[in-house]
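Right, one structure below, let's go through it.
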Amino acid sequence: MDGWSALADPTRRTILEMVAVHPRNVQELADCLPVSRPAVSQHLKLLKEAGLVVDQAVGTRRLYRANPAGLAALRAQLDRFWGQTLINLKQQAEAEDQ
């Protein structure tokens with residue numbers, strides 16, 4: 001799953017926002033969300049496959065945090081899209097002026 005597909009789900013977006021603030025384990029996330037612990041685990045699995053979160057074993061728990069590299073890749077895609085959009089708008093405006 002790619003990053004954009006992973007973020008299509010509102011629960012996964014919320015989870016990513018939460019782990020971007022500070023690392024959390026599955027139970028901490030489940031306590032704040034209207035979904036079960038197994039559902040949170042499945043969402044985290046997809047976010048991890050998309051490269052948007054990483055996990056680390058701390059004792060008997062796994063802590064999840066946002067993956068800066070994965071988020072940077074999304075940002076780069078948005079920057080390219082936005083840059084091309086601005087170029088297209090400029091060309092359209094110049095063509096209309098002529």
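The values are calculated or read from the model by the stated rules, or taken from the named source; none is laboratory data. This structure is a prediction, so every number in the text was calculated from the model and none was measured. All Cβ positions, even for glycine, are placed from backbone atoms using ideal geometry, and neighbour counts span all protein chains on display.
Details
- Residue ID - surrounded by the most Cβ atoms within 10 Å (Cβ to Cβ), chosen from residues in segment 1-39 that are within 12 Å of A66 (Cα to Cα) and over 11 Å from the mean Cα position of the chain (by Cα): R24
Results for (1) in contact with a helix residue (DSSP H, G or I) (Cβ under 7 Å, 6 or more places away or on another chain); (2) more than 13 Å from G3 (Cα to Cα); (3) surrounded by fewer than 10 Cβ atoms within 10 Å (Cβ to Cβ), shown as yes or no for each residue.
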site: S41; (1), (2), (3): yes, yes, no
site: L47; (1), (2), (3): yes, no, no
site: V58; (1), (2), (3): no, yes, no
site: L63; (1), (2), (3): no, yes, no
site: G83; (1), (2), (3): no, yes, no
site: A95; (1), (2), (3): no, yes, yes
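- For L78, the criteria (1) of a type in the set (A, V, I, L, M, F, W, C); (2) part of a helix (DSSP H, G or I); (3) at pLDDT 95 or above hold in every case but one, which is (3).
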